[in-house]
Amino acid sequence: MRSRTVAEEPSPAPASDSPQDPALRYVLAVGAVSAGLTLSDPGNDGGSDGGSVVTDAEARHVARSWGVAPADGLGDAPGDGPGTVVVLVDGLGLEMLRQRRGHTPTLRRWLGQGDNGHDSRILTCRPSTTAAALTMLGTSALPGTTGMVGYSVLKPRLGPALPASTVPGPDQILSLITWKGDDAPSPRAWQDVPTVFERLPAGSAVSIGPARFAGSGLTEAALRGASHLGADRLEDRPGLAAGALRRGTPLVYLYVGELDKIGHKHGWLSEQWLAQLERLDAAMTELARRVPAGTRIILSTDHGMVDTDADHRIDLSAHRELTRDVVAVAGEPRLTHLHVADGDADLAAEVAHRYRRVLGDRAAWIGTREQAAEHLGTLSPRARGVVGDVVVAMAGTWVLVDPRVHSESAIAMPGVHGSFTPAETEVPLLITEA
């Protein structure tokens, strides 16, 4: 394996990597152009915001800055180039990888290659959660555009304003992972920003992951447009990727969700999580061995994770000052969306002030919907309908829970994410070639 670095060819300066322009949003687009494909530029019809997505020219600019520019003469003809595999690992922050790199010989080597060329540290979006980040990866648009602003949101058909008599409950909430419920909107219609896959020539990309993901709500919202190859076992995915490349498919997207699942259940500092990390490293070793020579592998992640415990859980329903005027609670324990009575802006400002006073330094940031655009990106009409009147991002390892809304298992979850801390928002960018 070798890494292609900036030194091998002149390139423009890297794109900015800030909370307002997180580099993760370029990764799939860079993978496409590095495979010799051309991204069509979307129009502004149907509610899509074409100006919010990464253009073909921007993707090529960033690709060159990362040292993965397409070879000369490649255009939009599938199968002409060496091919690219974009690996998305759910729930592996950069600091987590660095702390456990002794258990990952392959990822450690790729990380070292990055340190000698491109920057191996990039940022994911805010909130640092799967629904938001995978949709940003898949569309290249920020959560404020796509409306995928958390694990869950107030059901679009209910909001944005609820009467003062409303009591928070789970029936108000739409999970942007499962999209369950008879009144759930169509994922394709509600999240209508075109995906990177939809902007590529037909048949030029495949997606590999658990079989149940084919046609799921999150897939339809975030990653529609690629043929799906189902592989429930992580160990089966490298072979499927290699086979797709050998059949002439230039772009392969490979999803790994095992680390995130174990991290939520046992915490990322657990032996169970470490075993999954070693399993991931073995799978990446196999991927690099089996793909055709010259294949580019770009690995990144959607977010990191922190471990919490009962001493760092705040039950908002147990604090009168926190429950007063709040009629719905969405988001997740690390990044909470609060909806206030009648959607009143003045009341929202008062609630935000009250939460700052009560939570103090246990919160990293608290603001109103308008202020949240600083972190989520400019809010589209769909986002304005579901973003909380007040948004609360927790600090350290603190979580904000509500037993009226959250299940017992969600409240007891040791591994959590969603907030703005470096542990959650700094993710790896590993680039190598077979």
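Report the local net charge at residue 184: Lys and Arg +1, Asp and Glu -1, summed over other residues whose C-beta lies under 15 Å from its C-beta.
+1
Which of 230, 83, 144 moves the most in a Gaussian network model of the chain with Cα springs under 10 Å?
Looking only at 230, 83, 144, the largest GNM fluctuation is found for 230.
Classify segment 267-349 from the C-alpha gyration tensor, please: rounded if a/c falls under 1.5, else prolate or oblate depending on whether a/b exceeds b/c.
Oblate shape, in that a/c is at least 1.5 and b/c is the bigger or equal ratio.
With point charges of +1 on the Cβ of Lys and Arg and -1 on the Cβ of Asp and Glu, referenced to the Cα centre of the chain, which listed residue (197, 333, 239) lies farthest in the positive direction of the dipole?
The Cα lying farthest towards the positive end belongs to 239.
For segment 320-328, take each phi angle, set θ = phi - 60°, evaluate the Karplus expression 6.51 cos²θ - 1.76 cosθ + 1.60, and give the result in whole Hz per residue in order, putting x for glycine and proline.
4, 5, 8, 7, 4, 6, 9, 10, 7
Roughly how big is segment 156-292's charge dipole about its Cα centre, with Cβ charges of +1 (Lys, Arg) and -1 (Asp, Glu), in debye to the nearest 20?
For segment 156-292, the charge dipole is close to 420 debye.
Enumerate the helices in the chain for which the Kyte-Doolittle hydropathy averages -0.5 or more and the C-alpha atoms extend at least 20 Å along the helix's axis, using complete DSSP H runs.
Length and hydropathy pass: 345-359.
Among 344-355, 176-187, 414-425, 365-376, what's the highest-first ranking by average C-beta atoms within 10 angstrom per residue?
414-425, 365-376, 344-355, 176-187
Kirkwood hydrodynamic radius, computed over distinct alpha-carbon pairs, for the chain: how many Å, to one decimal?
The Cα-based Kirkwood calculation yields 21.7 Å.
What is the percent carbon and sulfur in the accessible area of the chain, measuring with a 1.4 Å probe over the protein chains and ignoring ligands?
So the carbon and sulfur contribution to the accessible surface is 50 percent.
From the Cα gyration tensor of segment 206-247, with a ≥ b ≥ c the square roots of its eigenvalues, which class applies: rounded if a/c is under 1.5, or else prolate if a/b is larger than b/c, or else oblate?
Oblate shape, in that a/c is at least 1.5 and b/c is the bigger or equal ratio.
Shape call for segment 301-345 from the C-alpha gyration tensor, a ≥ b ≥ c root eigenvalues: rounded (a/c under 1.5), prolate (a/b greater than b/c) or oblate?
oblate
In Å², what does the accessible area per residue of segment 320-434 work out to with a 1.4 Å probe?
In whole numbers, segment 320-434 has 35 Å² accessible per residue.
Given the whole protein assembly as supplied and a 1.4 Å probe, what does the accessible area of residue 302 come to in Å², nearest 10?
Probe radius 1.4 Å; accessible area of residue 302 about 0 Å².
Projected area of segment 79-161, taken from the Cα convex hull and averaged over every viewing direction, in nm²?
8.4 nm²
Run through every distinct alpha carbon pair of segment 167-296 and return the Kirkwood hydrodynamic radius in angstroms, one decimal place.
Every distinct Cα pair counted, the radius reaches 16.6 Å.
Hey, what's segment 181-296 come to in accessible area per residue, 1.4 Å probe, Å²?
Value for segment 181-296: 39 Å² per residue.
What is the magnitude of the charge dipole of the chain about its Cα centre, with +1 placed on the Cβ of each Lys and Arg, -1 on the Cβ of each Asp and Glu, and no other charges, expressed in debye to the nearest 20?
760 debye
The values are calculated or read from the model by the stated rules, or taken from the named source; none is laboratory data. This one's a predicted model, so the numbers in the text were calculated from it and none came from an experiment. Ideal geometry is used to build each Cβ from the backbone, glycine not excepted, and the neighbour counts take in all protein chains shown. Note: accessible area is taken over every heavy atom of the protein model, side chains too, but ligands, DNA and RNA are not part of it. Shrake-Rupley method; radii C 1.70, N 1.55, O 1.52, S 1.80 Å.
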